[in-house]
Every structure is written in C-alpha cells, then in structure tokens.
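Report on the structure given below.
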Amino acid sequence: MTGGPRLRRPCSSITRTWAALFVSITLFGAAGVAVADAPYITLASTTSTDNSGLLDEILPKFKQASGVDVRVVAVGTGQALRLARNGDADVLMVHDRKSEEKFVADGFGVKRHPLMHNDFIIVGPRDDAAGVRGVSDVGQALSTIADEKVPFVSRGDDSGTHKAELRLWTAAQRDPSEASGTWYRETGSGMGATLNTAAAMGAYAFVDRGTWLAFKNRLDLEIVVVGDPRLMNPYSVILVNPERHAHVKAREAQRFIDWLLSPAGQKAIGDFRVNGEVLFVPDAIAAP
Amino acid sequence: MESLLQAFVTAFRLLTSFDADLVEIVLLSLRVSLMAVFLAALVGLPLGGWLAIARFPGRRIVIATLNAMMGLPPVVVGLIVYLLLSRAGPLGWLGWLFTPTAMVVAQFLLIMPLVAALSRQALEDLFEEYDALFRSLRVGTLGVVQTLLYEGRHRLLTTLLAGYGRAIAEVGAVIIVGGNIAHVTRVMTTAIALETSKGDLPLALGLGIVLLFISLLLNALAALGQTRASETVTP
C-alpha cells in the first residue's frame, strides 16, 4: 500500500482493464446463455435408458428424420413423473406401469404407449455367499438372501427399478426395510452409484440388464439370478397432457412418440447392442 | 492404484486431444460460472462495501446471516431454484428451467452471499484504517464504498476467486436446474457425476483432473494480473 487512499474517482488503466474484463465476460456469458433456437422437446427419462447408451443411439436417427432435437433429463422414474406432473417435460419414457397408469388416470398424461422391454437381473459377488447362483425363482433367491442376511444394496430412491425390487420382496414375503442399515443397505442413488457401492462392498444388487451391460466398474460382481418371468421390465412412452400444461410441445412430442412406435423407431431400438448383446426388445409392433 | 494411474493417463489424453465434446463442456462450465461470478460481484461487492461502513440496528444479525449463507448446501439452492423456475412455480413462465440461464441463477444465489460476506470482512478492516481520513475529508457513503472497493481490489480478487471456486466445483445445484442435458447443460461436474454413475471411474477422475488444471490456469492468470497491476501502481 503506497500513498494512502485516492479519494478522487479512480480511473486508472487498471480500472479500465477490469472494466474490459467484466464486459468481455458478460458478452462471453451472454453468448453462451442464449440457447440455439432449433426446435426441441424435453424428454424425462430414466438413467437406465440413458446410461446404457440407447438414447445416444436412437435420438440422432429421430433428429435426422424430423429435425427435432430431444433434450434428455435422465432421472429415476419417480422423479421423472414428478417433473412431468409439474409440466417440466414434454414426453416421458419410464418403467413403472402402476405409477404410469395413475399418471394418465390423473390427467397428467395423454396415453400410455408400451414401447419396449428388457429384464432385471440380480448381480452378486463371485464367491456367492448366499448360494443363489442359478436359482430360477427370484422370490426364492431373495428370501435366501434375506434369511442368510448377506449384504444387499438397494436403490432406495423411488425409481422404477426400486419399485420393481420392492414388489419382489413383497412377493417373497420378506420386509427388508426392517433390516435397513444392517445387511440391507439403501443408497438413495441412481443405478450406477448403487452398483459402484455393491461392487465395493461385495454385495448383491437388483439391476436392469441395460445398465449392467454398459457398466464398467464391476470388480467382483457377476450375474447370479436371471430369467424369472417376473423380472420383465417394460418401458412405455407418454405424452404430457397439453390440456394441463399449455406450453407442452404436443405436436413435436407426438411426432417423437409416433416415430418411436413406427417400424423405423422400433428397428432402431432393436438394433441397439452393447458388446453384441441386445439390450431392449421393441414391443410396439409385431416382428415383420 | 491402477485406476488412479489410468485416470492420469486419461486426463493427459483429454487435455491433449481437444476432444470437441470436452471443449464444449469446459467452455459451458466457464461461461456459466464466470457469468455467476460477474453477477455475484455486481451485487455482492457493493453490498459488502456498504455493510462494512453502514451502522444500523440489526447489522450484526444481517452479517451473521450472510456468513451462515456461505454454507448453503448447493442441493438446497438447486431445489429452491427448481421450485421457482418449474412450470408449476412462480417463475415458470420464463421457461428457464433446464437452460444454462437457470444454472447461472443457481450459482449466483450460491456464491453471492460468499462474495458479500468475504468482501465485507476485507473492506471493514480497510475502513478502520482510513476512517479518520474519510471523516476529515467528509466523504459521503457512496464515495467511501467506491474508494474502499478500489483500494481493496487485490483482496477482493481473492474473494471473487473463492466465489468462482465454489461455483465451478459444485454439482448439486446445476444438476437439478440444468438437468445435465448433453450439448445443452452438461458441465464438467455433471459430466463427472454421469461417468461415475456409468462406472467409468478413470474417465470421471480424468475429467476431474482437467477441471483442476483449468482452475489452476485461471488462478495463475489472476495472480499474474495482480502482480502486473501492483507493479503499475507502485512507480
């Protein structure tokens, strides 16, 4: 500090440098904040469709066919439904039939269109402490895990996968919530975070096959239970009701739904593979 | 250990390849956070300056509140901004949700209290030094605040860098109000969260190292500017 305060209004070269810096930041910022005006719709979807790479594969094809951009907000099914209920999305692609039907019945969605399915699996550590590898009855596998009290990591986040898992516990006549914090651990996180936790703890986890196939940090985890018909995981697509939310881009969004259900869209879904494996089976049209 | 090594290799590859997606993500991160810092400076610095010299009943409570708000959890700020900007919320008609603008708003709310609180502290110390001089010259409030902001500019730069650091590093708020939409609202931190959830830990960590590198670059630039500036001031 030299010479004490300047009491005249300072206007040195430094001030000018700062002013120039501020102005350039503002312009830089404004340029970035002004979003391109290409037509787009907002799709609220689940982490399973996004993390597996399916949407990266099929959305460019839709864009090519229609010129419409699809902006994906990937969250759990529960949160996706809440976003749509608030009118913050134009289309939903989710996987919890019960809450989807309620969403439509309550007037928030126009119609539920079955789109595709994959299946859930149970993964577990290689040494398989519960001894459930190859058990074809998922109820039996879960009750064994519960009775043996081996670590099991659950999403615990109100997602479609979490709800499916809870239904199967109920079917197996076990209530893991009583054991929450002991052998049953709820992460309250997405599928990937939950798998990271299970891998690190050597625990069992309930996961959709798409996320599992694309997941890279498996460590010791392997598929142990697979193939029970109750493990089917159906996805549907729903237009958010424009009568509830006038700003919903119903025309473009309906165009997206029509494309997904068309032979071109269904083929794009069926053609998607990870390491040569089919991840999603199209449901909307019978195979030609 | 292997993952850590892999992460550094990935980071190096990312930094040298100038991958188009990465450049886009980095630029958006900088745009959003620098814009938030700029707005926070515009409001926070004068507010801090005024709080440094003003004397009114309840001033301590205001300052304590401001200090406490430095610890606002980003997720909470994200939720509040979401509820405001949601179509069902009071500002829904703006259509800002899931845009970079919403992210700027969230980060602004997150760091403005920090900028105001830290600058208040820095300028109050300065004010005590010069108080007698100001009195003898009968300088008005506006003049005092202006002089303090000018004389304290070096300390305030550190304050702004702290604000920038909090903004660029947070993920909780921007992932809620931005939605982590590819090519629209995906920034460094949300990309790191995404890669973590895909189990690609080396890529996630690699991105983290890139983020650190960019912050280092920015801080070095600021330090350089500061040295230059003090050289010009002291003839």
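Quick look at the values:
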read-out	value
Residue ID - nearest to residue A:119 (Cα to Cα), chosen from residues in segment A:176-206 that are more than 14 Å from chain B (Cβ to nearest Cβ) and of a type in the set (Gly, Ala, Ser)	A:203
Test: residue in segment B:53-61 that is in contact (Cβ under 8 Å) with a residue 12 or more places away in the chain and within 14 Å of another protein chain (Cβ to nearest Cβ)	yes
Residue, farthest from the other protein chains (Cβ to nearest Cβ), within segment B:84-105, restricted to residues that are farther than 20 Å from residue A:71 by Cα and assigned to a helix (DSSP H, G or I)	B:84
Subset tally (residues that are in a helix (DSSP H, G or I) and either free of Cβ contacts under 8 Å to residues at least 12 places away in the same chain or of a type outside the set (Lys, Arg) (or both)) for segment A:153-182	15
Per-region count, segment A:160-212, residues farther than 25 Å from residue B:201 by Cβ and among the polar types (S, T, N, Q)	5
Enumeration of residues in segment A:144-176 that are within 23 Å of residue A:127 (Cβ to Cβ) and among the aliphatic types (A, V, I, L, M)	A:145, A:146, A:150, A:153, A:172
Count of segment A:193-214 residues which are farther than 22 Å from residue A:129 by Cα, crowded, with 23+ Cβ neighbours inside 10 Å and touching a Lys or Arg at 6+ places or on another chain (Cβ under 9 Å)	1
Unique residue being in contact with an Asp or Glu (Cβ under 7 Å, 6 or more places away or on another chain), away from chain A (no Cβ under 12 Å) and within 27 Å of residue B:72 (Cα to Cα) when the list is B:207, B:161, B:211	B:207
Where residue A:220 falls short, out of the listed (1) within 14 Å of chain B (Cβ to nearest Cβ); (2) crowded, with 19+ Cβ neighbours inside 10 Å; (3) charged (D, E, K, R)	(2)
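No value in this document is a laboratory result; all are computed from the given coordinates. Everything numeric in this text was worked out from a predicted model, so none of it was measured. Cβ sites come from the backbone with ideal geometry, for glycine too, and all protein chains shown count toward neighbours.
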